[in-house]
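Notes to accompany the following structure.
The values are calculated or read from the model by the stated rules, or taken from the named source; none is laboratory data. Everything numeric here is computed off the predicted structure, so don't read it as measured data. Backbone-built Cβ (ideal geometry, glycine too); neighbour counts: all protein chains shown. Just the protein is used for accessible areas: all its heavy atoms, side chains included, with ligands, DNA and RNA removed. Shrake-Rupley method; radii C 1.70, N 1.55, O 1.52, S 1.80 Å.
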Amino acid sequence: MRLPLACAAIAAAMGFMASSGCMSRGPRSVAAPAYQPPPSLDTEGRSPVADEPTTGFDVSGFASTLDDKALAKVKVLALGTDYANAAKALEIAFVATPPSEEDAVRWRYQLGRLRALAGDAAGAALAFEEAAKVEGPLAAYAHLGAAQGLLRTGKVDASLVHARAVPEDCAAYGASQLLVAEALQQKRDFDGAMEIWRDYLAESRHPPRWIEVVLRMADATLESRPEEARAEAAAILARRVVVEAPTSSAVVRALDLERRALALVPESRRIRAVVARGKNDTYLPTDWARSLTFDEQFTRAAALADSQNYKDAEKAIDALVAAMGSKASTTEVGCRAQVLYGSVLSKLRERQRAADAYGLAVGRCAAYPDAMVDALYFGGKAIASAGRCDEAMGRFARVERDFHDHRFADDARLRGAECALEGGDEKRYQEMLASMPVDYPEGDMVTEALFRLALRKMARREFAEAVPLLSAARTFKVKETPSSSGGRADYFEARAIIATGDVAEGRRALARVIRDYPLSYYMLHAYARLAEIDQIEAKAVLDESLAREPGSKFVIEDDEVFHGVGFARAMELLRQGESDLARRELGKLGLLKDGASSRGLWAAAAMYARAGFPQISHSFPRVRVFDWLSHYPAGRWRDAWEIAYPRPFSEVVEREAKKNGIPAALAYAVMREESAFDPEAVSPARAFGLMQLIIPTAKRVAKDVGIACDETLLSRPETNVALGCRFLADLRARFPSNPHLAIPSYNAGPGAPIRWIASRESDDFDIWVEQIPFEETRRYTKKVLASFAAYSFLYDKNGLDAAVRLPRIASQ
């Protein structure tokens, strides 16, 4: 697979028609009915999976254009990014195996797409024009492709005809209007182009391609009438890119445009030129401070922080504060800059400095409540992490006192209690947490508070006292967000009940966890505990749970959204491999918003999966629909689980896992939780690729196995997975008695679990995990174990029990 290269080619060749992924890889199947969709609970609490698979969207009927057997050679060439020869092979296929009338439109659109990827703008325009002649879901996008190709070959008037043929109800209408504006600019109709650009930018702060639009506006403003007022307006437009997109490669062009514009303005009162003063004509933070307003400097610093350029953001804030002088302590910009400074220093792990920065923010933000609550709460977190818990408790107490109805208030109580415990005040810790259900009856942290109280009891083997706390946590009216680690209070309540001597009730409670939380982290523990008592009963409960799942195909009940032209467009675009354009159509239908139709969401997930975009498809059941979590992957629900747990790059993963003697299911689990299957993922900690390896670790492992390694190579699946699997194998070898400890080691480093085991060697594994000191590592361990279980259950012939049977004792 070479998705990143193909995507770059799309971006270069087709501009606005770039996809986030490229050619599809799913198996060929019969064509789906025109408007069909896959599952989650709908707004009325019902499952969208049809009781009888007679209506709705049958995912098995969806196939990508290049999965047609007649286009097998085209697909191979396209996946190899040989787009010119792929286009020629498709031309030959038209003659050798003429397609049906319906498929002919799809083939012509694909031909236009391949030619565009090959840089043949004129040929692409011809193919898209042919596809646009047939009314249907692809017509609007065929017009768009034709307009793009024609404009690139200088046929401006013909391009305008096609661009204007894109209907307003199409998600690509905005892109078509930008083509119209570009064509008008070439015809020197600057006023007409400017009107379109203004309307486009008015829709949102940063719509797609906003940087390009702003710079075109600046160019057109200068080119139309180079007078002082217009030149100043052009400079202000260019300055927007400099301020709001400081890490963009377009900044150089924007600065050049700004200089040309200001050369026509003898002395502007609205904008001051930026002058390079540093080595090699670089711009120093002080240069920006001299040239930008305070608001602009803050916006630029915030943009640097948002893009994870924390060092540059720190320098920008330092320069801003210096430029503001006394105003830094008396204005809203000064307040918000100080809050941002604390955030940036926290990201840089400068804990003491971050704590002090937030302290200054508290003194400056009294008049600005929204900023003040952030300064107090995040300042409290920073101060606590710096080891100054007494001060942190004061900050958290102020959040509760001054902002009791704020969403941070119950979080502040929880963190304040943890500080009390760290200071040795167990009584205060218990009082603060025990009163949360009364003080915060709608708080989403109350369940967590009750569980932490119970955990303290269980760690001391005081199980009888833990039971009522766990029961309260389980029944509290504000439930935890559904996740693969659901069932925590249920499992530990069962566990505590058994410890008190009521084994029969405890067994029943463990069985409920197995039934109600399929393949969750806590279900694994429940299964292991019940199997210790009675292996036959544990297996019977699991078999019974599997047998409850309805059989037959994965079909979604009919939904109004499936019958609209927008959904049809999205489906056809995915057939073509146009994942990003399909996403825009789904977004226009409202399917990417909270509360969207679960039927539509499952339909989208299933189509993305069939079209070969697992990175996108698995995100739907991961963050948007949760009903599948109450079903085992059996019968019609198996397909839903396979969407949630895909196996991209399978050839590489299976090969490297076998070579290194680790379960392939574990490699997939780590990949899923580390990068969500993005080969080019880069974390704030500079971890790279599918398995998120930092450079020192990657180079050390690469040296051991004798392969080359750098940042670029780590974005290639074959390199990243090879190194990741070897690293996992090395970690598992460190813990022969409990290889599951490799998972927290992968996240926190191999030394951390060794230290934790040494201090709590005889702890039960379930309680040991709950007491991992790092919250991130604690969550990560649970997620990976749950994913490991899912992949083992779905794809490992040895199944769940052999692959991820959890141990009783942490060190065993």
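Would you confirm whether any residue within the stretch 712-721 is part of a loop (DSSP other than H, G, I, E, B), open to solvent by 20 Å² or more (accessible area, probe 1.4 Å) and touching a Leu at 6+ places or on another chain (Cβ under 9 Å)? Before the answer, list the steps.
In the first step, residues of the stretch 712-721 are kept if they are part of a loop (DSSP other than H, G, I, E, B); the result is 712, 716.
With open to solvent by 20 Å² or more (accessible area, probe 1.4 Å) added as a condition, the list becomes 712, 716.
When the remaining residues are screened for being touching a Leu at 6+ places or on another chain (Cβ under 9 Å), the result is none.
Within the stretch 712-721 (the criterion being part of a loop (DSSP other than H, G, I, E, B), open to solvent by 20 Å² or more (accessible area, probe 1.4 Å) and touching a Leu at 6+ places or on another chain (Cβ under 9 Å)), the answer is no, since none of the residues qualifies.
Among the residues that make up the stretch 489-500, is at least one of them modelled with pLDDT of 95 or more, aromatic (Phe, Trp, Tyr) and more than 27 Å from residue 532 (Cβ to Cβ)? I'd like the intermediate steps shown before the answer.
Taking the stretch 489-500 first, the residues modelled with pLDDT of 95 or more are 489-500.
Next, from what is left, pick out any that are aromatic (Phe, Trp, Tyr): 491-492.
Next cut, more than 27 Å from residue 532 (Cβ to Cβ) only: none.
No, that holds for no residue.
Being farther than 30 Å from residue 684 by Cα, open to solvent by 20 Å² or more (accessible area, probe 1.4 Å) and either at pLDDT 90 or above or assigned to a helix (DSSP H, G or I) (or both) is the requirement here; does residue 269 meet it?
Values: farther than 30 Å from residue 684 by Cα: yes; open to solvent by 20 Å² or more (accessible area, probe 1.4 Å): yes; either at pLDDT 90 or above or assigned to a helix (DSSP H, G or I) (or both): no.
Taking the combined requirement at face value, the residue does not satisfy it.
Looking for something buried (at least 21 other Cβ atoms within 10 Å of the Cβ) and of a type in the set (D, E, K, R) - is there at least one such residue anywhere in the stretch 599-612?
Looking only at the stretch 599-612, we keep the residues that are buried (at least 21 other Cβ atoms within 10 Å of the Cβ), and these are 599-612.
Now drop any that are not of a type in the set (D, E, K, R), which leaves 599, 610.
Looking through the stretch 599-612, at least one residue is buried (at least 21 other Cβ atoms within 10 Å of the Cβ) and of a type in the set (D, E, K, R).
Out of (1) part of a helix (DSSP H, G or I); (2) open to solvent by 30 Å² or more (accessible area, probe 1.4 Å), the odd one out for residue 477 is which?
(1)
Only one of (1) surrounded by fewer than 17 Cβ atoms within 10 Å (Cβ to Cβ); (2) within 24 Å of residue 175 (Cα to Cα) is not met by residue 256, so which one is it?
In the conditions (1) surrounded by fewer than 17 Cβ atoms within 10 Å (Cβ to Cβ); (2) within 24 Å of residue 175 (Cα to Cα), residue 256 misses (2) alone.
Residue by residue, here is whether (1) over 36 Å from the mean Cα position of the chain (by Cα); (2) under 20 Å from residue 213 (Cα atoms); (3) not basic (Lys, Arg) holds:
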{"site": "105", "(1), (2), (3)": "no, no, yes"}
{"site": "115", "(1), (2), (3)": "no, no, no"}
{"site": "128", "(1), (2), (3)": "no, no, yes"}
{"site": "136", "(1), (2), (3)": "no, no, yes"}
{"site": "140", "(1), (2), (3)": "no, no, yes"}
{"site": "182", "(1), (2), (3)": "no, yes, yes"}
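Name the residue that is farthest from residue 751 (Cα to Cα), counting only residues in the stretch 661-698 that are in contact with a strand residue (DSSP E or B) (Cβ under 9 Å, 6 or more places away or on another chain) and open to solvent by 30 Å² or more (accessible area, probe 1.4 Å).
680
For the stretch 327-442, give me every one of the helices (runs of 4 or more DSSP H) that falls completely inside it and has 2 or more residues that are surrounded by 17 or more Cβ atoms within 10 Å (Cβ to Cβ), of a type in the set (Ser, Thr, Tyr) and within 30 Å of the chain's Cα centre (by Cα). Break it down into steps so the answer makes sense when it comes.
Values: elements: 332-347, 351-364, 369-385, 389-402, 409-422, 426-434, 436-439.
In the stretch 327-442, 332-347 are the helices (runs of 4 or more DSSP H) which contain 2 or more residues that are surrounded by 17 or more Cβ atoms within 10 Å (Cβ to Cβ), of a type in the set (Ser, Thr, Tyr) and within 30 Å of the chain's Cα centre (by Cα).
Within the set of pairs 6 or more residues apart or between chains, which connect a residue that is over 17 Å from residue 61 (Cα atoms) inside the stretch 580-609 to a residue that is part of a helix (DSSP H, G or I) and among the basic types (Lys, Arg) with Cβ atoms less than 6 Å apart?
So the pair list comes out as 585/569.
Please state which one of 19, 40, 100, 29 is modelled with pLDDT of 50 or more and polar (S, T, N, Q). Before the answer, list the steps.
Details: 19 fails: modelled with pLDDT of 50 or more; 40 fails: modelled with pLDDT of 50 or more; 29 fails: modelled with pLDDT of 50 or more.
After applying the criteria, what remains is 100.
Tell me which helices (runs of 4 or more DSSP H) are completely within the stretch 86-179 and hold 1 or more residues being of a type in the set (Ser, Thr, Tyr) and touching a helix residue (DSSP H, G or I) at 6+ places or on another chain (Cβ under 7 Å), or say none if there are none.
Filter on the stretch 86-179 gives 101-117, 139-152, 156-163.
What number of residues within the stretch 634-655 satisfy the criterion of being at pLDDT below 95 and outside any helix (DSSP H, G or I)?
Result for the stretch 634-655: 1.
Restricting the stretch 85-107 to residues that are surrounded by fewer than 16 Cβ atoms within 10 Å (Cβ to Cβ) and among the aliphatic types (A, V, I, L, M), which is nearest to residue 64 (Cα to Cα)?
104
Which of the residues belonging to the stretch 520-553 are of a type in the set (A, V, I, L, M, F, W, C) and either within 18 Å of residue 765 (Cβ to Cβ) or touching a strand residue (DSSP E or B) at 6+ places or on another chain (Cβ under 7 Å) (or both)?
523, 524, 526, 528, 530, 531, 533, 538
Tell me, please, whether a residue that is in contact with a Cys (Cβ under 9 Å, 6 or more places away or on another chain) and either open to solvent by less than 10 Å² (accessible area, probe 1.4 Å) or part of a loop (DSSP other than H, G, I, E, B) (or both) can be found in the stretch 585-596.
Residues of the stretch 585-596 in contact with a Cys (Cβ under 9 Å, 6 or more places away or on another chain): 585, 588.
From what is left, the residues that are either open to solvent by less than 10 Å² (accessible area, probe 1.4 Å) or part of a loop (DSSP other than H, G, I, E, B) (or both) are 585.
Yes: one or more hits.
Among the listed residues 546, 574, identify the single one that is modelled with pLDDT of 95 or more and either more than 27 Å from the chain's Cα centre (by Cα) or part of a helix (DSSP H, G or I) (or both).
On the way: 546 fails: modelled with pLDDT of 95 or more.
Criteria check complete, one pass: 574.
I want to confirm something. Restricting to the stretch 772-812 and keeping residues that are assigned to a loop (DSSP other than H, G, I, E, B) and crowded, with 16+ Cβ neighbours inside 10 Å, which single residue is nearest to the chain's Cα centre (by Cα)? Spell out how you get there, then give the answer.
Applying the first criterion (assigned to a loop (DSSP other than H, G, I, E, B)) to the stretch 772-812 yields 772-774, 796-798, 805-808, 810-812.
Right, trim to crowded, with 16+ Cβ neighbours inside 10 Å and you get 772, 796, 806-807, 810-811.
On the way: 772: 25, 796: 27, 806: 29, 807: 32, 810: 32, 811: 34 Å.
Filtering first and then ranking leaves 772.
Only one of these is among the charged types (D, E, K, R), crowded, with 21+ Cβ neighbours inside 10 Å and out of contact with any Cys (no Cβ under 6 Å at 6 or more places or on another chain): 182, 228, 195, 232. Name it. Break it down stepwise before answering.
On the way: 228 fails: crowded, with 21+ Cβ neighbours inside 10 Å; 195 fails: crowded, with 21+ Cβ neighbours inside 10 Å; 232 fails: crowded, with 21+ Cβ neighbours inside 10 Å.
Of the residues listed, the single one that is among the charged types (D, E, K, R), crowded, with 21+ Cβ neighbours inside 10 Å and out of contact with any Cys (no Cβ under 6 Å at 6 or more places or on another chain) is 182.
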